[in-house]
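A.B. asks: Dumping the structure here so I can ask a few things about it.
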Amino acid sequence: IEALMTGKGYSRERAIAAAIEMWGLYCDYAVQDTALMRDVWKTTRPLTAEEWQVYWASERINDRGMLVDLDVCRGAVAYREEETAYVAEECARLTDGAITSPTLTKQINEWVFNRLPDDLAETMVKERDEEGHVKRLTGAKDVMTRLLEDISLSDTPPDDRVVDLLELLQFGRSSSAVKFEKMLNQNVDGRIYGQYVFNGAGQTHRWSARGIQTHNLPRAYLENELDVLDMVAAQVPIERLRKIGPVAATLAKLIRPTIIAPEGKTLVWADYSAVEARVVAWLAKSRSAEEAVLTPFRNGDDLYLLNAEAIFNIPQ
């Protein structure tokens, strides 16, 4: 339309006709979209009375909002910015300038791989070509964790700089602390609203979330949690935080307690333990699912150990 109005072939009549045509297309789409959504609604299982109660409770939480400690948020954001610069400087120092950021995954993988003895380097190989040449490397966190463990047991460990870089990146690439910035950006009078999404996961109908992803916050905690929260809120020198441990890891453990209850109230957390694994096995109604999943849950067995035993063929 703009071209018709401003170009050499300007014609008011043509521009008006084009606008009317496009508005008609939009209206047709809107009607079709509404009809399709109505069809989806009709084929969806109606919620039970109990499920509606849960939905209303979820929406009350969304509407009332959750109180957050803004002083802790501000301190965490400041520390995160300082720590990001520190990690980048350390990367450059340890690699003689070859790596200038913890986000340069490809360069980091190649730098580390080229400095490992063959037996340790194989841990990072994700794919080889038909001739046996390395085609793709991986620097996934679980791989790097296993690599550090293998290095600690190796008779031919790599240069100390490799170990220092791996340890630095274990937490230096963590994005958990970004949630503090989201709290600051999304809060209204110290509260964050509309965080939960009822039936948000299409396949399982479990909750999901938006914003700071309240359904997926780190569960680890600090023994002296309240003291550390006070330190972050007061923005003490970052060196004091480093004495506790990696700064990114410390901040990640403070995300949950940054959501607080009003004075005189108590904040209660609840979670369904492995609900999807239990429900799927229950729905399967098979003997193998009963023995492999439901029975260990009923016995209180550690499912992680059982899975590790099966994967590595190592009995507990």
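The values are calculated or read from the model by the stated rules, or taken from the named source; none is laboratory data. Because the structure is a prediction, the values reported are computed rather than measured. With ideal geometry, Cβ positions are generated from the backbone for all residues, glycine too; neighbour counts draw on all protein chains shown. The area values use the complete protein model at the heavy-atom level, side chains included, leaving out ligands, DNA and RNA. Shrake-Rupley method; radii C 1.70, N 1.55, O 1.52, S 1.80 Å.
A.B. asks: Scan [x] 150; [y] 261; [z] 313 for the value of volume of the Cα convex hull per residue in Å³ calculated from this model and give just the label.
C.D. replies: Recomputing volume of the Cα convex hull per residue in Å³ here gives the entry labelled [z].
A.B. asks: Hey, in the GNM for the chain with a 10 angstrom Cα cutoff, which one of MET37, MET66, MET124 fluctuates hardest?
C.D. replies: Looking only at MET37, MET66, MET124, the largest GNM fluctuation is found for MET37.
A.B. asks: Under a 1.4 Å probe, what is the accessible area of the chain per residue, stated in Å²?
C.D. replies: For the chain, the per-residue accessible area is 68 Å².
A.B. asks: Now, a different point. Rounded to the nearest percent, how much of the accessible area of the chain (1.4 Å probe, protein heavy atoms only) is carbon and sulfur? Present the calculation step by step, with values, prior to reporting the outcome.
C.D. replies: On the way: 11400 of 21390 Å².
Carbon-and-sulfur percentage of accessible area, whole number: 53.
A.B. asks: Shifting gears a bit: Taking Cα pairs under 8 Å and at least six residues apart, what relative contact order does the range 105-181 come out at, in percent? Walk me through the numbers before you get to the answer.
C.D. replies: Working: 52 pairs, mean separation 20.8, N = 77.
Computed value for the range 105-181: 27 percent relative contact order.
A.B. asks: Tell me, what HN-Hα J-couplings in whole Hz come from the Karplus equation 6.51 cos²θ - 1.76 cosθ + 1.60 at θ = phi - 60° for each residue of the range 121-134, using x for Gly and Pro?
C.D. replies: 4, 4, 4, 8, 7, 9, 7, 10, 7, 5, 8, x, 6, 5
A.B. asks: Starting from the 7 Å offset along Cα-to-Cβ, what nm value, one decimal, do you get for the label separation of GLU89 and TRP207?
C.D. replies: 4.1
A.B. asks: Which links in LYS106/LYS126; LYS141/LYS243; LYS182/LYS253; LYS42/LYS285 stretch past 18 Å when you go from one Cα to the other?
C.D. replies: Where the Cα-Cα span goes over 18 Å, the pairs concerned are LYS141/LYS243; LYS42/LYS285.
A.B. asks: If I model a spin label as a point 7 Å beyond the Cα along the Cα-Cβ vector, how far apart are those points for TYR304 and LEU184 in nm?
C.D. replies: 3.3
A.B. asks: Considering Cα pairs under 8 angstrom that are at least six residues apart, work out the relative contact order of the range 1-145 and quote it in whole percent.
C.D. replies: 8
A.B. asks: Kindly provide log₁₀ I(q)/I(0) values, in the same order as q = 0.15, 0.17 Å⁻¹, from the Debye equation applied to equal alpha-carbon scatterers of the range 104-256.
C.D. replies: Values, matching the q order: -0.96, -1.06.
A.B. asks: Also, quick follow-up: Build a GNM of the chain with springs between Cα atoms under 10 Å: which of LYS243, LYS135, LYS179 gets the top mean-square fluctuation?
C.D. replies: The residue that fluctuates most here is LYS135.
A.B. asks: If GLU263, GLU89 are ordered by their accessible area, calculated over protein heavy atoms with a 1.4 Å probe, which sequence runs from highest to lowest? Provide the component values of the computation, followed by the final result.
C.D. replies: On the way: GLU263 185, GLU89 120 Å².
Result of the area sort, largest leading: GLU263, GLU89.
A.B. asks: For LEU137, enumerate residues with amide H under 5 Å from its amide H, sequence gap 5+ or separate chain, H modeled in the peptide plane.
C.D. replies: LYS126
A.B. asks: For Cα pairs less than 8 Å apart in space and 6+ apart in sequence, what is the mean separation divided by the residue count of the chain, i.e. the relative contact order in percent? Intermediate results must be reported in sequence, preceding the final value.
C.D. replies: Details: 283 pairs, mean separation 61.9, N = 316.
Over the chain, the number comes to 20 percent.
A.B. asks: Here is a follow-up. Could you identify which residue out of GLN53, GLN186, GLN203 has the top mean-square fluctuation in a GNM of the chain using Cα springs shorter than 10 Å?
C.D. replies: In this elastic network of the chain, the residue with the biggest mean-square fluctuation among GLN53, GLN186, GLN203 is GLN203.
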